[in-house]
Amino acid sequence: MDARPPLPPFDLDTARQKVQTAEDAWNTRDPQKVSLAYTEDSRWRNRDTFVTGRAAIVELLTAKWNRELDYALRKELWAFEGNRIAVRFQYECRDASGQWWRSYGNELWEFDERGLMARREASINDVAIAQSDRRIFGTRPESERGVPFPLR
């Protein structure tokens with residue numbers, strides 16, 4: 001597997017770039033494409049689910065995006081050091097019944113020397129919202145890149 005720049009150790013610019021690259025990939029909702037940013041044996045905790053390896057990541061993401069319709073995500077760099085990055089994120093989606101949700105979360109990422117994520121731990125909380133309360137629509141416009149999003 002080729003390297004996935006930027007590579008650790010991260011500085012402010014490369015950490016921000018890594019976060020934006022992840023946001024852009026996840027907004028494609030393409031499990032196969034997203035999985036390529038992770039090591040073959042990447043370990044995840046996603047809510048209460050624990051998975052290891054790309055095949056399991058693809059399976060988890062396929063189920064996620066079959067369930068979470070019209071998914072749109074925003075990530076923000078929270079902290080970084082060496083080969084680790086912490087992010088906060090929010091995403092919105094609707095379920096099959098039409099109920100809209102905003103999910104708030106934090107992720108801890110650890111990268112190998114090739115810039116592939118070897119470990120991801122995500123804590124996520126969901127809040128039901130009215131469709132009129134939505135504020136995240138599709139891929140982030142260029143004018144909003146690097147702009148912090150509101151807590152609520």
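The values are calculated or read from the model by the stated rules, or taken from the named source; none is laboratory data. It should be emphasised that the depicted structure is a prediction, and the values quoted were computed from it without experimental measurement. So basically every Cβ, Gly included, is an ideal-geometry build from the backbone, and we count neighbours across all protein chains shown. Areas reflect the complete protein model, heavy atoms only, side chains present, ligands, DNA and RNA absent. Shrake-Rupley method; radii C 1.70, N 1.55, O 1.52, S 1.80 Å.
The accessible-area ordering, largest first, of the residues Val19, Val58 stands as Val58, Val19, per a 1.4 angstrom probe.
Hey, got the dipole for the stretch 1-62? About the Cα centre, +1 on K and R Cβ, -1 on D and E Cβ, debye to the nearest 20? Before the final figure, lay out the partial values.
Working: 9 positive and 10 negative charges, 29 e Å.
Roughly 140 debye, rounded to the nearest 20.
Given Cα pairs under 8 Å that are at least 6 residues apart, what percent is the relative contact order of the chain? Please list the in-between numbers first.
Values: 284 pairs, mean separation 38.9, N = 152.
Normalised by residue count, the contact order of the chain is 26 percent.
Taking a Cβ cut-off of under 12 Å around Phe111, the surrounding Lys, Arg, Asp and Glu residues balance to a net charge of +2, with basic ones at +1 and acidic ones at -1. Taking only the Cα atoms of the stretch 1-67, the radius of gyration and Dmax are 12.7, 36 Å.
Could you compute the net charge surrounding Thr62? Neighbours are other residues with a C-beta less than 13 Å from the C-beta of Thr62; K and R count +1, D and E count -1.
+2
Against the main long axis of the alpha-carbon atoms of the chain, helix 12-26 sits at an angle near 50°.
Ligands, DNA and RNA excluded, the heavy atoms of Leu151 present near 140 Å² of accessible surface to a 1.4 Å solvent probe. By the gyration tensor of its Cα atoms, with a ≥ b ≥ c the square roots of the eigenvalues, what is the shape of the stretch 1-142: rounded for a/c under 1.5, prolate for a/b over b/c, or oblate? Prolate, since a/c reaches 1.5 and a/b exceeds b/c.
Of the three principal axes defined by the Cα atoms of the stretch 70-117, the extents in descending order read 43, 19, 11 Å. Most tightly packed first, judged by the mean number of other beta-carbon atoms within 10 Å of their residues, the peptides 89-99, 139-149 read 89-99, 139-149.
What does DSSP give for the chain in terms of the percent of beta bridges that are antiparallel, rounded to the nearest 5?
Values: 37 of 42 bridges.
Among the beta bridges of the chain, antiparallel pairing accounts for roughly 90 percent.
Assuming charge only on the beta carbon of Lys and Arg (+1) and of Asp and Glu (-1), the dipole of the chain about its Cα centre is about 300 debye to the nearest 20.
Note on Asp70 and Asp95: the model spin-label points, each 7 Å out from Cα along the C-beta direction, lie 1.6 nm apart.
Sum -39500 (n - 2.57) across every DSSP H segment of at least 4 residues in the chain, then divide by the residue count to get the 222 nm mean residue ellipticity, nearest 500. Rounded to the nearest 500, it is -7000 deg cm²/dmol.
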